[in-house]
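Accompanying notes for the structure given below.
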Amino acid sequence: MTAAATLDRESIAAVDERNQLDDILALPDHLRDALWRVESANLEPRGASGGLIVAGMGGSAIGGALARAALGDRAVRPFTVSRGYGLPPWTAPETTVLCSSYSGNTEETLAAFEAAGAVGAQRIVATTGGKLAEAARADGVPVIPFPGGFQPRAAVGYSLVVALEVAWMCGAAERLHSEIDVAAARTEELVASWRPGGPQEDVPKELARGLHGTVPQIAGSGLTSPIAYRWKTQINENAKMPAFSHEIPELDHNEIMGWQAASELGRFSAVFLDDSDLHPRIRQRIELTRGLIAGDAAATFRVESVGGSPTERLLSLVLLGDLVSLYLAVLRGVDPSPVVMIDRLKSALAGG
């Protein structure tokens, strides 16, 4: 076994130059701090019969998608995530638009901010600063401040809580303040258990070892569907690996057939994100699908969420996926923090 394969603190630190591990393990603190930051912004609750749109990209958008999943049927008005330069055509003055950009300079989110203003929608901004904060203050739009110093994807706890709190403020859903508090405590227990040196430290490490050297396919459903996408993007950005995500039952109507050529084309693995509240037929599909593709997959895993409330269970899988992605980076010997290709693309766009 190589030093990297041991995934101890020393091996991780040798690769994780900017200490993203500690940012991942600080998720419970981020959740609590986010609640404080929303309260400190002194926003006035204001009903929006048109519901909520979270406009953002990448790590700033995932909080909205996770918030929508955590709410489930507790959302009483439309709640959607818009990733792009525009907004849904039904956006109206009765809609609240939360423009979330960690840097404050995401060009798609800046365009969405302007589009929301053009139709007279109620706007709220969440950012560390940049052009978005400047535009918001110029237009008298309230700003919820994110803390600086993170990779945008490491601020997932902040973007999740802000989206949940804004959903309550605009009347799109009930308030989950207490549920978030309890979930932060439960997540703290998981951090203590899964962190390097913790009693269950091998849970994320064994998953990472099993996925190492493969192209992971992450499958989710219901609550776990946006978490599957989070796993995929974290593996992309942290481990610098191709990874893909899909939903059950839809993948059983198409993607399952592609596994017949998987072993011929390369080493593909599958992770199925399960949850106790999924439809019984979905849980049955997970087992059947896993069994059917096992012969052509390099590895398959079924991972179940941990906790009582939807927010607890969601956060358990977010934490686990973030750790797995970081350990995959260590196993590959790549620093998880830099995103050189993204930076090059942004520079090319700025120059064009």
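Here are some notes:
- Here region 92-107 is the region considered, the condition is being surrounded by 19 or more Cβ atoms within 10 Å (Cβ to Cβ) and of a type outside the set (S, T, N, Q), and the residue that is nearest to F146 (Cα to Cα) is Y102.
- Odd one out for P196, checked against (1) part of a helix (DSSP H, G or I); (2) of a type outside the set (G, A, S); (3) touching a Leu at 6+ places or on another chain (Cβ under 9 Å); (4) not assigned by TED's automatic domain parsing to the domain that holds L52: (1)
- From I12, I62, residue being assigned by TED's automatic domain parsing to the domain that holds T233, under 19 Å from Q151 (Cα atoms) and in a helix (DSSP H, G or I): I12
- Residue among L87, L71, L98 that alone is of a type in the set (A, V, I, L, M), part of a helix (DSSP H, G or I) and in the same structural domain as I144 (by TED's automatic domain parsing): L71
- Taking helices (runs of 4 or more DSSP H) as the structural unit, those lying wholly within region 204-315 and holding at least 3 residues that are without any contact (Cβ under 8 Å) to a residue 24 or more places away in the chain correspond to 280-293.
- Filtered residue count, region 101-113, keeping only those that are out of contact with any strand residue (DSSP E or B) (no Cβ under 7 Å at 6 or more places or on another chain), part of a loop (DSSP other than H, G, I, E, B) and of a type in the set (G, A, S): 1
- Selected residue (criterion: surrounded by the fewest Cβ atoms within 10 Å (Cβ to Cβ)) from residues of region 137-169 that are free of Cβ contacts under 8 Å to residues at least 24 places away in the same chain and either assigned by TED's automatic domain parsing to the domain that holds L223 or assigned to a helix (DSSP H, G or I) (or both): A138
- Tallying residues that are under 30 Å from D335 (Cα atoms) and loosely packed, with under 12 Cβ neighbours inside 10 Å within region 243-265 yields 1.
- Evaluated against (1) in a strand (DSSP E or B); (2) closer than 24 Å to G58 by Cα, V334 falls short on exactly one condition, (1).
The values are calculated or read from the model by the stated rules, or taken from the named source; none is laboratory data. Keep in mind that what you see is a predicted model, and the values were worked out from it rather than measured. Here the Cβ is made from the backbone with ideal geometry for all residues, glycine too, and neighbour counts use every protein chain on show.
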